[in-house]
Amino acid sequence: MEDILKGRIIRKRKHGDVIFLDLRNKNGVEQLALRKSYFGDDYESFKDKIHIGDIVEVSGDYFTSNTGTNTLGIHTYDVLTQCHSPSKIKTRPNIDTRRNNRGFDLLTSQESLERFNKIGKLTSVLRMYLYEQGFIEMDTGILRNTTDTSKARDFTTIANWNKQELYIRKSTEQKLKQLMVGGLEDIFELGKVFRNEDVGKEFSPEFTALELYKTFGVYEDLLDLMKGMLKRIDNEIGIPRTKPSEFEEIGFYDYINGEIGMDSRVIKLEELNDKIPFNKRKNYPMDEESRGYFLHDLFESLIQEERDRNITIIGYPKEITVLSKRFENDPSLSEEFRMFVRGGSYCYGCTELIDYEEQKKRIEEQTKFWGKNEKKLDDNFIEMLKIGLPPCAGLGLSLERLQAVYLDLDDVRDVIAFPLKK
């Protein structure tokens with residue numbers, strides 16, 4: 001029985017009375033051979049049918065070429081789709097064109113094609129791992145009537161039916177928590193979120209976020225879950241040079257204190273501000289209510305320089321993550337972890353705050369600090385907290401950053417099919 005292959009012809013070369021072709025499909029690149037010894041008088045007419053870029057179906061028998069390459073000797077050759085711009089396939093476009101028109105990138109680079117196949121596989125591995133751990137997937141929608149607690153700027157639009165302003169979601173957290181109050185347990189959502197911020201190597205205004213909640217869990221449970229997920233990805237995708245599943249754990253204050261050689265809990269705010277790079281300083285009020293914000297900015301400036309270490313930070317200033325429970329032995333920090341590879345954060349997890357009074361107070365404090373309009377916050381979320389959110393732990397992850405880590409890429413735009421231009 002003859003073998004059958006389908007795919008696109010990406011290369012053609014003549015060697016005596018044999019025309020060698022490279023056919024590419026999802027399995028990789030196969031070498032084909034059109035031999036005059038097989039076709040005889042029909043060889044010339046068959047030869048004229050072959051064009052770079054055509055999608056074809058071929059059948060034949062395998063043999064080993066003189067160079068030792070496994071090759072399909074063509075017996076039949078049918079054109080399924082004709083390519084009318086073969087020159088486009090022969091020329092590798094520049095990086096801007098590759099990002100703007102990913103189709104050309106994939107056509108001209110086997111490496112890019114394999115990369116996006118890996119991206120799809122990694123997403124599938126992540127989902128399957130969560131299903132195996134007993135989590136169920138939700139969809140909370142993209143348009144919102146209200147903003148949320150994230151300090152990132154909103155994308156907004158106007159509804160035609162009532163001329164009211166709508167918000168494009170920055171997070172799925174509050175909606176998922178409302179579902180948990182309603183009785184759903186161990187849920188996650190993997191979907192697009194939108195933040196009207198910068199475009200660059202580490203940031204995209206549109207990205208894919210994993211938000212996950214484990215009922216009756218604490219942050220340590222999700223740290224273990226994340227370790228298991230990374231090991232699974234190691235096994236299925238391969239271990240990159242950065243070895244993201246191997247990291248050291250260190251407390252938030254211990255890390256900062258070790259870097260600056262001082263106790264960041266008691267250092268004067270003026271001194272703390274001086275240790276933040278000048279171009280990253282904010283005009284926070286010089287009072288103790290701002291200490292967490294100063295520490296956050298200092299920490300970010302320090303961790304970004306970590307290019308040779310994978311670090312998981314335990315604890316984070318409560319002012320930054322207002323939806324997280326505080327440590328009982330150190331109320332200045334939230335019970336959470338943040339994972340960093342090459343100085344970039346791609347995952348965090350926390351024990352969720354379920355106390356209604358404290359949650360309302362902390363949201364109001366952050367809203368006032370950032371100058372948001374309190375009326376635009378989600379009253380339904382606060383009302384559901386009154387009913388009672390079950391004890392739980394939450395995890396958030398940027399899928400694009402995780403993909404970039406596992407593909408040894410420094411720019412998230414290279415894992416996004418069609419990234420936005422600067």
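Consider the range 172-208 and keep the residues that are surrounded by fewer than 21 Cβ atoms within 10 Å (Cβ to Cβ) and of a type in the set (Gly, Ala, Ser). The one that is farthest from Leu353 (Cα to Cα) is Gly200.
Restricting Gln366, Gln403 to residues that are at negative phi, modelled with pLDDT of 90 or more, in contact with a Ser or Thr (Cβ under 9 Å, 6 or more places away or on another chain) and in the same structural domain as Lys227 (by TED's automatic domain parsing) narrows the list to Gln403.
Kindly indicate the residue of the range 157-170 that is surrounded by fewer than 21 Cβ atoms within 10 Å (Cβ to Cβ) and touching a residue at least 24 places away in the same chain (Cβ under 8 Å) and also farthest from Leu397 (Cα to Cα) among those meeting that condition. Applying the filter and picking the extreme gives Tyr167.
Out of all the residues in the range 266-286, is one or more within 22 Å of the chain's Cα centre (by Cα), part of a loop (DSSP other than H, G, I, E, B) and surrounded by 15 or more Cβ atoms within 10 Å (Cβ to Cβ)? It would help to see each step written out before you state the result.
Step one: filter the range 266-286 for residues within 22 Å of the chain's Cα centre (by Cα), giving none.
Within the range 266-286, not a single residue is within 22 Å of the chain's Cα centre (by Cα), part of a loop (DSSP other than H, G, I, E, B) and surrounded by 15 or more Cβ atoms within 10 Å (Cβ to Cβ).
Looking at Ser45, Ser59, which one is more than 43 Å from the chain's Cα centre (by Cα) and either at positive phi or not assigned by TED's automatic domain parsing to the domain that holds Arg115 (or both)?
Matching residue, one of Ser45, Ser59: Ser45.
Which of the residues spanning the range 228-261 are on the phi > 0 side of the Ramachandran plot and either aromatic (Phe, Trp, Tyr) or in the same structural domain as Gly343 (by TED's automatic domain parsing) (or both)? Walk me through how you get there before you give the answer.
So in the range 228-261, the residues on the phi > 0 side of the Ramachandran plot come out as 238, 243, 261.
Result: Gly238, Lys243.
The set of residues in the range 31-90 being among the hydroxyl-bearing types (Ser, Thr, Tyr), farther than 15 Å from Ile4 by Cα and outside any helix (DSSP H, G or I) consists of Thr64, Ser65, Thr67, Thr69, Thr81, Ser85.
The values are calculated or read from the model by the stated rules, or taken from the named source; none is laboratory data. The structure displayed is predicted, hence computed values, not measured ones. Neighbour counts are summed over all protein chains in view; Cβ atoms, including those assigned to glycine, are modelled from backbone coordinates with ideal geometry.
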